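To keep things clear, I will list the structure first and then write my remarks on it.
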Amino acid sequence: MNAPHPLLTRIDDPRDLRALSPHDLPELARETRSFLIETVSGIGGHFAAGLGVVELTIALHYVYDTPRDLLVWDVGHQTYPHKILTGRRDRLKTIRQAGGLAPFPLRRESPYDPFGVGHAGTAVGAALGFALAHRGQRDAPKVVAVIGDGGLTAGMAFEALNHAGAVGVDLLVILNDNEMSISKNVGALSSYSNELLSGRAGETERKPLFPRALFEALGFTYEGPLDGHDLPLLLETLTRLRAKPGTQFLHVVTRKGKGFPPAEADPVTWHGPAPFDPGAGTIHAVPAARPTFSQIFGQWILEAAERDPRVVAITPAMREGSGLAPFAKRFPDRYYDVGIAEQHAVTLAAGLAAQGLRPVVAIYSTFLQRAYDQLVHDVAVQGLPVLFAIDRAGIVGGDGVTHQGSYDIAVLRCLPHFTVMTPANEAECRALLETGLALDGPGAVRYPRERATGAPAITEPAPVPLGRAVLRHRGKRLALLAFGPFDPVLDAAAAKLDCTTVDMRFVKPIDTQLIETLARNHDHLVTLEDHSLEGGAGSAVLECLARSGFMIPVTTLGLPDRFIEQGERNQVLADLGLDTGGVLARLDSLLAQADHPLHLHPTPRACP
């Protein structure tokens, strides 16, 4: 039975919170934490980070006149308590679900979310923009940015701090220091800060030398570190800082997972758990299933590193998510977690490759966007053999708009000499990773946040012929060209409609010879991909046909020209007509149109 929350149920927005006595706030914190545990235990979702900022969230909304005062959170994993206290408590059970609350702050969802986030390191820059927009105004709103020590590993956070200290605006930056991002934090800055907090580094009589010296050198007035769970201290400090002009930096120390012992003990596992039993502190067992593509990649790179001492692995703070935890344990000297620093990850890989190593960058599709200049300038222009293992390609599910892997093909295929590969199943994923590792130049293999399909395993994967597709079934009239994990669709189209089906495997170099042959022998070509249609694999096929002078109807199926909202992955694909049933219905419709040519109006591009 759920625990009662008498204080919390009275809070419909922060005005109700500010009507409470300060003596009521510790009880409100207890109820908020209890409500968060009860709700997330039933649905899963971001968890440990929110538990760690309950007191800080209450104190901020108590002291500041939100939403008039502007509160900008970094990333948003920690904003479940913020949503609970800003009128969204009763909808929290819908978070990350189709039509439900967004997993991160979202401008259109609430006036208390003045800036949408999802990727790390943006809060200080956005808050500085807010402060500059209101500079010089009478009774200007106060502006606060809350950034974690994980977010502070992002270079753009320091770019914004450097700028803020130079322009002299009224701005408070709060560092929520819990020694974690999703995985354990890395880097010299984190290591030294942790030494200070455990009393192992030099101190002045009043405050640690660092990070005070660093942030004061950047033009901030530094205060801290202080206990981020001490509500009276937080209230007193924030009230004082709200009245002070200029750029202020407040360093608070919190415990990720606070109030739920299993999450305190293991914040990595409890960062974003599946539904769990809050009494037993155990995550509900998932029925035995096939491995994920991330795990398949993790096993492949272990085997590759055993065979080739030149293989090294790089990740921007996604060790567990990318399947690299076993590699980090087996080859600690060949594993580099660079923190939330995607630009550096790519240039680091380029440097390693330039000296004869074979770096593999394990990165989510959505985060690869953050390193585009480095992809072009440092890797592609120099033709360096860096392999990108692009995880979470296509539809990712509950993390929604900011995390869909919709654009990596378009980003990469326009770069000269860049090989782009799209495996249809786990066996092919291993073979194409092997192909990428053997290249003399840059390559990428993209795969989904999904479990394997059950294709027969390859015990010793070998490189495949570059740019060669696989003709799965020779049918008639209509040919389906699939890029990516669409094995069930290909099988069904062949069996039920007698379509020619092709596993394309390569977006670049594309199999021009096979495409031309299909164009000569078929009435209609259909391309299928889990990527934006704009600039995607279907566009590559159309360009190939145009260069070859073919005039044939082509229908392109993929992600439409809009941002795709959150929802369970298979349901999102079904809603877009990209599941097996949706694609078969579209193919059947095209075949029926071909039977009645007077009603056929082919267009070069079509989307569901």
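The values are calculated or read from the model by the stated rules, or taken from the named source; none is laboratory data. Since the model is a prediction, treat every value here as computed from it, not as a measurement. Counting neighbours? That spans all protein chains shown, and the Cβs are built from the backbone with ideal geometry, glycine included. For the accessible areas, the whole protein counts, side chains as well, though only heavy atoms, and no ligand, DNA or RNA atoms are used. Shrake-Rupley method; radii C 1.70, N 1.55, O 1.52, S 1.80 Å.
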Please give the Cα centre distance for segment 326-368 versus segment 437-479, rounded to the nearest Å. 24 Å
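Counting only DSSP beta bridges with both residues in the chain, tell me the antiparallel percent, nearest 5.
Values: 11 of 66 bridges.
Expressed as a percentage, antiparallel bridges in the chain total about 15.
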What is the set of long-range amide H partners of Thr453 at a cut-off below 5 Å, with H atoms built 1.01 Å from backbone N? Glu426
Segment 405-541, accessible area per residue, ligands and nucleic acids excluded (1.4 Å, Å²): 34 Å²
Sorted from largest down, what three extents in whole angstroms do the Cα atoms of segment 308-375 have along their principal axes? 30, 28, 15
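Over all distinct alpha-carbon pairs, what is the Kirkwood Rh of segment 433-501 in angstrom?
Numbers: mean 1/r = 0.0705 Å⁻¹.
Evaluated over segment 433-501, this radius sits at 14.2 Å.
Provide the gained length on full extension for the span Arg474 to Ala265, in nm with one decimal, where the gain is 0.36 nm per separating residue minus the Cα-Cα distance. Please list the in-between numbers first.
Numbers: separation 209, 0.36 × 209 = 75.24 nm, distance 5.63 nm.
Here the segment from Arg474 to Ala265 would lengthen by 69.6 nm.
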Taking only the Cα atoms of segment 341-397, how large is their convex hull per residue, in Å³? 68 Å³
By how many degrees, 0 to 90 and rounded to 10, does the Cα axis of helix 188-197 deviate from the longest principal axis of the chain? 30 degrees
Computed over segment 28-134, the distribution of all Cα-Cα distances in 5 Å bins, rounded to whole %, is 2, 13, 24, 26, 20, 10, 4, 1, 0
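Counting Lys and Arg as +1 and Asp and Glu as -1, what is the net charge of the other residues whose Cβ lies under 10 Å from the Cβ of Pro359? Please list the in-between numbers first.
Numbers: positive: Arg310, Arg334, Arg358; negative: none.
Taking every other residue near Pro359 into account, the sum is +3.
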Rounded to the angstrom and largest first, Cα extents along the principal axes for segment 274-357 equal 52, 28, 19
Residues with beta-carbon under 9 Å from that of Leu172, excluding Leu172: net charge, scoring Lys, Arg +1 and Asp, Glu -1? +2
Starting from the 7 Å offset along Cα-to-Cβ, what nm value, one decimal, do you get for the label separation of Asp561 and Asp230? 5.7 nm
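Divide the volume of the convex hull of the Cα atoms of segment 1-49 by its number of residues and quote the answer in cubic angstrom per residue.
On the way: hull volume 4.6 nm³, N = 49.
Roughly 93 Å³ of hull volume per residue.
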How large are Rg and Dmax for segment 58-121 when calculated on the C-alpha trace, in angstrom? 11.2, 34
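Could you please tell me the mean projected area of the C-alpha convex hull for segment 523-573, averaged over all directions and given in square nanometres to one decimal? Please report the intermediate quantities before stating the final value.
On the way: hull surface 16.1 nm².
Averaged projected area of segment 523-573's Cα convex hull equals 4.0 nm².
In whole percent, what relative contact order does segment 329-431 give with Cα contacts below 8 Å and a gap of six or more residues?
Details: 120 pairs, mean separation 24.8, N = 103.
Once divided by the residue count of segment 329-431, the mean separation gives 24 percent.
Set the Förster distance to 41 Å, then compute FRET efficiency between Lys93 and Asp440 from the Cβ-Cβ distance, nearest 0.05.
The pair Lys93/Asp440 has a calculated efficiency of 0.20.
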Starting from the Cα of Gln513, step 7 Å along the direction of its Cβ; do the same at Asp65; then give the gap between the two resulting points in nm. 7.4 nm
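With each run of n ≥ 4 DSSP H residues scored as -39500 (n - 2.57), what mean residue ellipticity at 222 nm is computed for the chain after dividing by its residue count and rounding to the nearest 500 deg cm²/dmol?
Details: 22 runs with 212 residues, N = 608.
Dividing the helical sum by the residues of the chain leaves -10000 deg cm²/dmol.
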Could you work out how much longer the chain between Glu306 and Arg108 gets when fully extended? Use 0.36 nm per residue separation minus the Cα distance between them, nm to one decimal. 66.3 nm
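Taking the Cβ of Asp139 as the centre, find all other residues whose Cβ is under 15 Å away and add up their charges (Lys, Arg: +1; Asp, Glu: -1). Provide the component values of the computation, followed by the final result.
Details: positive: Arg68, Arg135, Arg138, Lys142, Arg242; negative: Asp65, Asp69, Asp170.
Result for the neighbourhood of Asp139: +2.
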Please work out the Cα center distance from segment 524-541 to segment 89-162, rounded to the nearest Å. 35 Å
Consider just the alpha-carbon atoms of the chain and return their Rg together with their Dmax, both in angstrom. 26.1, 88
Which part of segment 498-529 falls in the paramagnetic zone of Leu591, meaning amide N under 12 Å from the point 7 Å along Cα-to-beta-carbon? 498-501
Simple label model, 7 Å out from Cα along Cβ direction - Arg10 to Asp491, nm: 6.0 nm
Provide Rg and Dmax in Å for segment 324-476, with only Cα atoms included in the calculation. 15.7, 54
Log10 I(q)/I(0) at q = 0.13, 0.16, 0.18 Å⁻¹ for segment 460-546, from Debye over equal alpha-carbon scatterers, is -0.38, -0.59, -0.74
Tilt relative to the chain, helix 25-43 - C-alpha long axis, 0 to 90 degrees, to 10: 20 degrees
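Let me make sure I get this right: for segment 393-466, a, b and c are the square roots of the gyration tensor eigenvalues over alpha carbons, sorted descending. Under 1.5 in a/c it's rounded, otherwise prolate if a/b > b/c, else oblate. Which is it? Present the calculation step by step, with values, prior to reporting the outcome.
Working: a/c = 3.24, a/b = 1.16, b/c = 2.80.
Cα axes put segment 393-466 in the oblate bin.
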Determine the order of Met318, Met504, Met156 by accessible area, beginning with the largest, at a probe radius of 1.4 Å. Met156, Met318, Met504
For Asp266, Asp503, give the ranking by accessible area with the largest first, probe 1.4 Å. Asp266, Asp503
